[in-house]
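J.: Below: one structure in structure tokens.
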Amino acid sequence: MLQAYRARIFHFLDDPSVLGKSAWQYFEDGVLLIEDGRIREVGAAKELMPQLNIPVQHFPDRLIVPGFVDTHIHYPQMEMIAAYGDQLLSWLQNHTFPTEAKFADEEYAAGVASSFMDELLRNGTTTALVFGTVHPVSVDVLFREAQRRGARMIAGKVLMDRHAPAELLDTPQQGYVDSRKLIEKWHGVDRLQYAVTPRFAPTSTDAQLQRAGDLLQEYPGVYLHTHLAENADEVEWVKQLFPAAQNYLDVYDQAGLLGRRSVFAHGVHLCDQECMRLKQTDSVIAHCPTSNLFLGSGLFNLEKVQQHQVRVGLGTDVGAGTSFSLFRTMGEAYKIQQLRNCKLDPFYALYLATLGGAKALDLDRHIGNFSRGKEADFIVLGAQATPLLDFRLRHLLDRLKLAEQQEVALRDLFFVLQTLADDRVVEATYLMGKCAYRRGGV
Ligand code: GUN
Ligand code: ZN
């Protein structure tokens, strides 16, 4: 089946921090042609329209971009987002663990999974790497919900065998067996993939981390998803718990947990040695700005990980993060770099939320831009969704029409969206060419 959508269209072909202007394509009046859920072609309307003999869905004044990729989020924490008064370790004890205990109940978990998927799609997020809870059923219900909607999702059951309430603990063997069952049931089914998910070093014994390493060996292609060097007290605690390790990352390294499909959330407090090892092993950092600000964890050194050429993605980290919106996430990422006296280029930020995120999750063969053959996950943005955005963008949008002003105008547009936009600008979200969300109902 062929489908065609006409609007402004923007996407990245590569990393704009390396290739500048040749890293992206923009069509002021563009057409996105989709065949059987995959991209067939993207181009200027004046070239493509004459060849088309199918109805074209026209979104005048709207901007189509690839669906957003959230490289770190916790679905069970949706109901405790915005919990007052704590930094990481007491926040886990006071808010997170009591909430996650409820996910032993399948019906309850299924309700949250459904609301969670609604919220992702409302915000234009089409792929995410997601924490469940320690309960295997928490992952079953999320995968079922993602599968029903046709979303590309990676998720896993938490492994946690110490330093948490008894009802949230597994054992190295039970965690291993439960993860194995989930991998065999879900990994590679439709658009779903599994991530082995030790919560973080303090809540796993060495024995459990080793079992996680066994799973990665036995099932090449599954992901590793955990937290790393988020908070100063946490880093200190890891030092005490693992005195033989050279640094925090080394705890995971010793268990064989580093690699191309290993995603470490945060990395706010990394030394050069850790950055070098992340690069050597092609491991990934998920930068989670709204969470780092909310929990007072610190200011992420983006320059340093870039200098070390470590792969980076953006994560919302809900419920420590304060928004599902990748726009809000990009906006806070900019402010964090401001506080470090660095600049985050709006093109690069949008790259991280799309193709860069796809690369971070090793999914750029499938998603991230509008290259021929990729899965057609895209969003339709109404940039003037609020009175303030409308006012701010009034003159800017005209400048997009002038070729010589286009790059500057696009940078301004993206920056305004990153500073002011949220779910209200997302008019529709498409998964493999099918509308999965439309603002105000279908
Ligand atoms: N470190 C260990 N668990 C968590 C969690 O649930 N959220 C965040 N932000 N950091 C963690
Ligand atoms: Zn997290």
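What follows is calculated from the coordinates using simple rules that are stated; it is not laboratory data. These figures come from a predicted structure and were not determined experimentally. Positions of Cβ are backbone-derived with ideal geometry, glycine not excepted, and every protein chain shown enters the neighbour counts.
J.: Restricting the count to DSSP beta bridges whose residues both fall in the chain, what percent are antiparallel, rounded to a multiple of 5? Walk me through the numbers on the way to the answer.
T.: Working: 29 of 64 bridges.
The answer is about 45 percent antiparallel.
J.: Compute the distance in nm between two label points, each set 7 Å from the Cα along the Cα-to-Cβ direction, one at D105 and one at Q210.
T.: 3.9
J.: Could you list which residues have their amide H under 5 Å from that of K374, counting only those 5 or more apart in sequence or on another chain, with H placed in the peptide plane?
T.: For K374, the qualifying residues are I39.
J.: Now for a different question. Counting pairs of alpha carbon atoms under 8 Å apart in space and at least six apart in sequence, what relative contact order in percent does the stretch 388-442 give?
T.: Values: 31 pairs, mean separation 13.2, N = 55.
It comes to 24 percent, rounded to a whole number.
J.: For a quick check: sort T354, T96 by the number of other beta carbons within 10 angstrom, fewest at the front.
T.: Result, fewest neighbours first: T96, T354.
J.: Restricting to Cα pairs below 8 Å that are 6+ residues apart, what does the relative contact order work out to for the stretch 266-306? Please round to a whole percent.
T.: Working: 26 pairs, mean separation 20.8, N = 41.
With pairs under 8 Å counted, the relative contact order is 51 percent.
J.: Now a separate question. Please arrange D178, D36 by how many other C-beta atoms lie within 10 Å of their C-beta, fewest to most.
T.: Working: D178 18, D36 11.
Ascending number of Cβ neighbours within 10 Å: D36, D178.
J.: What is the stretch 349-442's relative contact order, in percent, from Cα pairs under 8 angstrom and six or more apart in sequence?
T.: 28
J.: While we're on this one: Can you tell me the 0 to 90 degree angle between the C-alpha axis of helix 172-186 and the longest principal axis of the chain, rounded to 10?
T.: Once rounded, the angle reads 30 degrees.
J.: Which value in deg cm²/dmol, rounded to the nearest 500, describes the helix-derived mean residue ellipticity at 222 nm for the chain, given -39,500 (n - 2.57) per DSSP H run of n ≥ 4 and division by the residue count? Spell out each step's value before the answer.
T.: On the way: 19 runs with 168 residues, N = 442.
Calculated mean residue ellipticity at 222 nm is -10500 deg cm²/dmol.
J.: Ordered by packing density, taken as the mean number of other Cβ atoms within 10 Å over each peptide's residues, highest first, how do 376-389, 208-221 rank? Spell out each step's value before the answer.
T.: On the way: 376-389: 20.6, 208-221: 17.5.
Descending packing order for the listed peptides: 376-389, 208-221.
J.: Which residue fluctuates the most in the chain, going by a Gaussian network model with Cα springs under 10 Å, if the choices are G315, G37, G188?
T.: Comparing G315, G37, G188 in a Gaussian network model of the chain, the most mobile one is G188.
J.: Give the Cα extents of the chain along the principal axes, in whole Å, largest first.
T.: 65, 46, 39
J.: Follow-up. Helix 136-149: angle to the longest alpha-carbon principal axis of the chain, degrees 0 to 90, nearest 10?
T.: Tilt relative to the chain: about 10 degrees.
J.: OK, next. Highest GNM mean-square fluctuation, the chain, Cα pairs closer than 10 Å: which of G259, G111, G150?
T.: Highest fluctuation of the listed residues: G111.
J.: Let me ask you something else. Would you list H58, H95, H395, H74 from fewest to most Cβ contacts within 10 Å? Before the final figure, lay out the partial values.
T.: Details: H58 13, H95 20, H395 10, H74 27.
Fewest-to-most ranking of H58, H95, H395, H74: H395, H58, H95, H74.
J.: For the pair N53 and R365, what calculated FRET efficiency results from E = 1/(1 + (r/R0)^6), where r is the Cβ-Cβ distance and R0 = 41 Å, to the nearest 0.05?
T.: E(calc), rounded to 0.05, equals 0.85.
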